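The values are calculated or read from the model by the stated rules, or taken from the named source; none is laboratory data. Everything numeric here is computed off the predicted structure, so don't read it as measured data. Neighbour counts are summed over all protein chains in view; Cβ atoms, including those assigned to glycine, are modelled from backbone coordinates with ideal geometry.
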Amino acid sequence: MSLTGKHIILGVTGSIAAYKAAVLCRLLKTAGAEVKVVMTPAAKAFITPLTMATLSKNPIAVEFYNPENGDWHSHISLGEWADLLLIAPATANTLAKMATGVADNLLLTTYLSARCGVAVAPAMDCDMFAHIATQHNIDTLRSHGVTVIESPEGELASGLHGKGRMAEPEDILARVEALLCPDEKKKSLHGKCFVVTAGATREALDPVRFLTNRSTGKMGYAVAAALAARGARTILISGTTSLPAPQGVEMRHAESAEDMYIAAKEAFADADGAVMCAAVADYTPVEVSATKIKKSDDDMVLHLKRTHDIAAELGKIKGSRLLVGFALETDNEAENAAKKLRKKNLDFIVLNSLRDEGAGFAHDTNKVSIIDSATREDLPLMSKRETAEVIVDKIDFFIKRTDSEK
Ligand code: CTP
């Protein structure tokens, strides 16, 4: 549960949207938060303390003290207890008082003494919302560090249409999760495992020489780093590079295409997907000389044999697992990429063209297109890290879709 262990004070003020505070309270509780509700006196006219107490599983605080027994509701200890003070709905009146420091009810004194983060979800008529005074107060609160959960445009209780209605409880929950658990989005691939291949392979001719290519591994390392940052177990099978291991990634070194094939097949057995970024040699010498090959006066002919196409091999056994490939092309880019997508049974392919300025080997930037069986998305020139984020967003989307189909 995303909000387990989090303490939230839910402030409810006198707006017709107060009924949505009941739904919001339930959502916060279901997400694992401990919720204490503080209502303004006016809020009681819109929703009963009994409803909010039942849903929050805590007594409601409205007054500074309980007139029956003199029990003091300490706004200071409330403010100390909370990780977040969330005022939803927040009326124009409460926003104005917050902006100017008025302290005439328990919710406002709690706000003034709170050391935790504060978020408000304004709710009011569209003309009140648009009024320069309200907008000024909202700007003031923003400048005081308060998060304003914007009111969407829509139909209002008055029957008018415009901006001012309270954001939907689900949207408020999402904002609360983002505020209290900023890493949560990044951990969206927690529990998943991905294999990433990166860099160039080396095909030995003899103990001294090898055949290789210009790949530096930067793109693959950026993809691995982005996957790990989102919480995925990430196994990076890397050719020889000069790059440092990305944080939180399990490194496996592979020298040749054959080494990479063996390592990738083994790691893929327990994985949810693989991203094939490596520039794998398509051919390798038929024979590797055990000793240094000596030159002669004649020309030399190298006899090469095909290596395994690792992506295509994984494509044959992938089942519902995700398989992403890269295509590096110099001509007929889109056509060649589409062929590779089908031939290797990939879910999507990332096309680089060596014709694009700033894209391809060794650069820190890249300009790619992401192509699947139905769509093509052309990305602008971005850093490899940013490009990796977009690729991982797409992986995230595919994984969620597959999970929802299970
Ligand atoms: N690939 C692979 N194993 C190989 C060759 C390629 O896993 N032996 C993967 C690459 O990592 C990439 C995709 O296949 O994800 C396409 O690689 P690319 O070099 O663009 O294409 P090739 O299939 O090698 O075809 P060609 O060289 O003819 O363009």
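Filtered by the rule that a residue be more than 9 Å from the ligand (Cβ to nearest atom) and in contact with a His (Cβ under 9 Å, 6 or more places away or on another chain), region 271-293 gives 285, 286, 287.
Select, from 353, 369, the only residue that is at pLDDT 85 or above, in contact with a strand residue (DSSP E or B) (Cβ under 8 Å, 6 or more places away or on another chain) and farther than 15 Å from residue 218 by Cα.
On the way: 353 fails: at pLDDT 85 or above.
None of the others qualify; the one that does is 369.
Before we move on, is residue 266 part of a helix (DSSP H, G or I), within 33 Å of the chain's Cα centre (by Cα) and within 11 Å of the ligand (Cβ to nearest atom)? Steps first, answer last, please.
On the way: part of a helix (DSSP H, G or I): yes; within 33 Å of the chain's Cα centre (by Cα): yes; within 11 Å of the ligand (Cβ to nearest atom): no.
Answer is no for this residue.
Considering only residues of region 321-331 that are in contact with a helix residue (DSSP H, G or I) (Cβ under 8 Å, 6 or more places away or on another chain) and within 10 Å of the ligand (Cβ to nearest atom), which is modelled with the lowest pLDDT?
329
This table checks each residue for (1) surrounded by 21 or more Cβ atoms within 10 Å (Cβ to Cβ); (2) more than 10 Å from the ligand (Cβ to nearest atom); (3) closer than 13 Å to residue 275 by Cα; (4) not hydroxyl-bearing (Ser, Thr, Tyr).
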{"residue": "295", "(1), (2), (3), (4)": "no, yes, no, yes"}
{"residue": "298", "(1), (2), (3), (4)": "no, yes, no, yes"}
{"residue": "303", "(1), (2), (3), (4)": "no, yes, no, yes"}
{"residue": "306", "(1), (2), (3), (4)": "no, no, no, yes"}
{"residue": "310", "(1), (2), (3), (4)": "yes, no, yes, yes"}
{"residue": "319", "(1), (2), (3), (4)": "no, yes, no, yes"}
{"residue": "333", "(1), (2), (3), (4)": "no, yes, no, yes"}
{"residue": "356", "(1), (2), (3), (4)": "no, yes, no, yes"}
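Pairs are defined by a Cβ separation below 6 Å, a sequence spacing of at least 6 or placement on different chains, a first member in region 303-315 that is over 24 Å from residue 287 (Cα atoms), and a second member that is part of a helix (DSSP H, G or I) and more than 6 Å from the ligand (Cβ to nearest atom); the pairs so defined are 314/268.
Consider region 204-241 and keep the residues that are surrounded by fewer than 23 Cβ atoms within 10 Å (Cβ to Cβ) and part of a strand (DSSP E or B). The one that is modelled with the lowest pLDDT is 233.
Within region 342-350, is even one residue away from the ligand (no atom under 11 Å from the Cβ), surrounded by 18 or more Cβ atoms within 10 Å (Cβ to Cβ) and at positive phi? The answer is no; no qualifying residue exists.
Looking at region 383-397, is at least one residue of a type in the set (Ser, Thr, Tyr), part of a loop (DSSP other than H, G, I, E, B) and on the phi < 0 side of the Ramachandran plot?
No.
Checking the conditions here, which among 269, 257, 290 is buried (at least 18 other Cβ atoms within 10 Å of the Cβ) and either under 22 Å from residue 225 (Cα atoms) or in contact (Cβ under 8 Å) with a residue 24 or more places away in the chain (or both)? Exactly one of 269, 257, 290 is buried (at least 18 other Cβ atoms within 10 Å of the Cβ) and either under 22 Å from residue 225 (Cα atoms) or in contact (Cβ under 8 Å) with a residue 24 or more places away in the chain (or both), namely 257.
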